[in-house]
Amino acid sequence: MEREKVLIIDDEPKIGWIFSKIAGEEYQIFSVQTGREGLAFIKEEKPALVFLDIRLPDTSGVDLLRQIRQFDKDLLVIMLTANEEVRTAVEAMKLGAYDYLTKPVPNDRLAIIIKNALETRLLTEKVHTLESQLQKRHTLEDIKGTSEPMQKVAALIRRVAGHDVNVLLVGESGTGKELVARAIHSESERRNKPFVPVDCSAIPETLVESEHFGHEKGAYTGAISAQPGKFEQAEGGTLFLDEIGNLAKAIQAKLLRVIQEREIFRLGGTKPIRVNVRLIAATNRDLSKAVASGEFREDLYHRLNVFPISLPSLRERREDVLLLSHYFLQKFSLELRKSVKGLSNKTETLLTHYRWPGNVRELENALKHALLMVSDGEQAILPEHLPESIREMSFVASVGGNSSLREVSKDAAHKVERELILKILKETNWNKRRAAGLLKIDYKTLFNKLKEHSIPSRMN
């Protein structure tokens, strides 16, 4: 592992020399003599620990600490002070300094002071990671559905979660693959370690290697400091590779090596870094066909496909649509501060008959859209509150599955006729005589059509 960077900001060159002599073998020691140089170094090199003198030639240590806190609120800073400046050092502690040392620097304690400070930093990072994971933790209770297909998925999650094997999730976009991956992680022994999701389709090809495996300083133009990749960020936990089928062949080969050797090389690096992660991959493609066509490596496919789980589309679990709808309704009612009680009967019929090509994600977005369209005082979600793409399917829902082609055609024509009349009325500013002329029907027929289609004589 790369040695931690420790920065000394002090206008006495001797101080930097002392630190290098005492701790230079275990840590990378850097020293600068002005606040401006120190702030620039912090922004570019991101040291793990800073020793900051109270007095500097171009600024005070307290003022520089304030600037550092604006850039990095978690960076460990230890103030260096003379005895008569202890009060100022205490002020710095109130601003977030980790500790202070009085000069002359205690040579015999310096190494242990650095070690303790860095151990505190590591502990703080772990606490932050755990807090983040607890806030985002998804369990089996979040896998909503009482249908047989979803009960099978839940059973597979329980079966595989406790075993440290690779999992391949297969399903259409929007079926909840990341939710299932998080549930597997939360039910596993790795639950208190990071869960790191990566959307393989969203990363530019030129950055894929750096994103996954990290890079060293100077590895490419703009790499001003070393950065860990997703594998290192997921150390001890789970790495979720979404849309794995979109990985370029060159990266597929490197991923295969990581799975086999359990080590990575950062971009521009020469030393292997050991990694301990569980892999969960997901795809909306048939990877066996991608293997047959040469788009996806067969050896990598078999490494990932140790325990496959197929996620059903929403149209394959229609009995879950209303359960999910009421769940999203409750969730977004709180979020948007709406007091809607439920769904109208027509809305329920429409939702259960719609094919949901975007699956659960589309349903979730549709319910959020509907709640935003509800006016104050309305108690239920009506069909007109739903997105237009869903409302356009209402005539199919209303005719039912046993209707003849003639009946379906009649309903479709009825819908088109109503929309055409409304369009012409709007264009003529509801001048019905002009509208009748444009529609090539007489005035009386237009009135009958308005009544037939439940169109008011004037829209507000």
Practice problem: Would you compute, for the Cα atoms of segment 315-398, the largest minus smallest coordinate along each principal axis and list the three values in descending order, in whole Å? | Solution: 32, 21, 18
Exercise. Enumerate the residues in segment 160-198 having an amide nitrogen under 19 Å from the point lying 7 Å beyond the Cα of Glu295 toward its Cβ.
Key: 168-175
Quiz item: For the pair Asn276 and Gln151, what calculated FRET efficiency results from E = 1/(1 + (r/R0)^6), where r is the Cβ-Cβ distance and R0 = 35 Å, to the nearest 0.05?
Solution: 0.60
Quiz prompt | Trp430-Lys331 FRET efficiency (beta carbon distance; Förster radius 35 Å; 0.05 resolution) | solution = 0.30
Self-check item: In Hz, Karplus ³J(HN,Hα) per residue of segment 103-116 (6.51, -1.76, 1.60; θ = phi - 60°; x = Gly, Pro)
Solution: 7, x, 4, x, 4, 6, 10, 4, 4, 6, 4, 5, 4, 5
Quiz prompt | 20 Å Cα-Cα reach of Lys94 towards aspartates and glutamates, excluding residues that sit fewer than 8 places from it in its own chain | solution = Asp53, Asp63, Asp72, Asp74, Glu84, Glu85
Practice problem: Report the one residue of Ala48, Ile390, Val165 whose Cα lies farthest in the direction of the positive end of the charge dipole of the chain (charges on C-beta: Lys and Arg +1, Asp and Glu -1; origin at the Cα centre). | Solution: Ile390
Exercise. Counting other beta carbons within 10 Å of each Cβ, put Asp72, Asp376 in order, fewest first.
Key: Asp376, Asp72
Quiz item: Which value, to two decimals, describes the C-alpha radius of gyration of segment 151-310 once divided by 2.2 N^0.38 Å?
Solution: 1.02
Practice problem: Arrange the peptides 281-291, 432-442, 48-58 so that the one whose residues have, on average, the most other Cβ atoms within 10 Å appears first. | Solution: 48-58, 281-291, 432-442
Quiz item: How much net charge surrounds Lys14 when only other residues with a Cβ under 14 Å from its Cβ are counted (Lys, Arg +1; Asp, Glu -1)?
Solution: -2
Practice problem: Please report Rg over Rh for the chain, where both radii come from the alpha carbon positions and Rh follows the Kirkwood definition. | Solution: 1.14
Quiz item: Met373 to Arg36: extension gain in nm, 0.36 nm per residue of separation minus the Cα-Cα distance?
Solution: 116.0 nm
Practice problem: Return the distance in nm (one decimal) between the two label points of a simple spin-label model at Arg315 and Glu119, each offset 7 Å from Cα along Cα→Cβ. | Solution: 6.1 nm
Quiz item: Whole number please: convex hull volume per residue of the Cα set in segment 5-132, in Å³?
Solution: 100 Å³
Quiz prompt | Extension gain (nm, one decimal) between Val416 and Gln233, 0.36 nm per residue minus Cα-Cα | solution = 60.4 nm
Practice problem: Tell me what the chain gives for mean residue ellipticity at 222 nm when only DSSP H runs of n ≥ 4 count, each as -39,500 (n - 2.57), the sum divided by the residue total, rounded to 500 deg cm²/dmol. | Solution: -14500 deg cm²/dmol
Self-check item: Calculated FRET value between Thr102 and Thr206, using beta carbons and R₀ = 51 Å, to 0.05
Solution: 0.50
Practice problem: With a 10 Å radius around each residue's Cβ, average the other Cβ atoms per peptide and rank 259-272, 313-326, highest first. | Solution: 313-326, 259-272
Quiz item: How much length, in nm to one decimal, is gained on full extension between Leu382 and Ile224, taken as 0.36 nm per residue of separation minus their Cα-Cα distance?
Solution: 51.4 nm
Quiz item: Over what distance in Å are the Cα centres of segment 162-220 and segment 297-323 separated?
Solution: 16 Å
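Laboratory data are not the source of any read-out in this text; all were calculated from the coordinates shown. Only a predicted model underlies this, so the values are computations on that prediction, with no experimental measurement involved. So basically every Cβ, Gly included, is an ideal-geometry build from the backbone, and we count neighbours across all protein chains shown.
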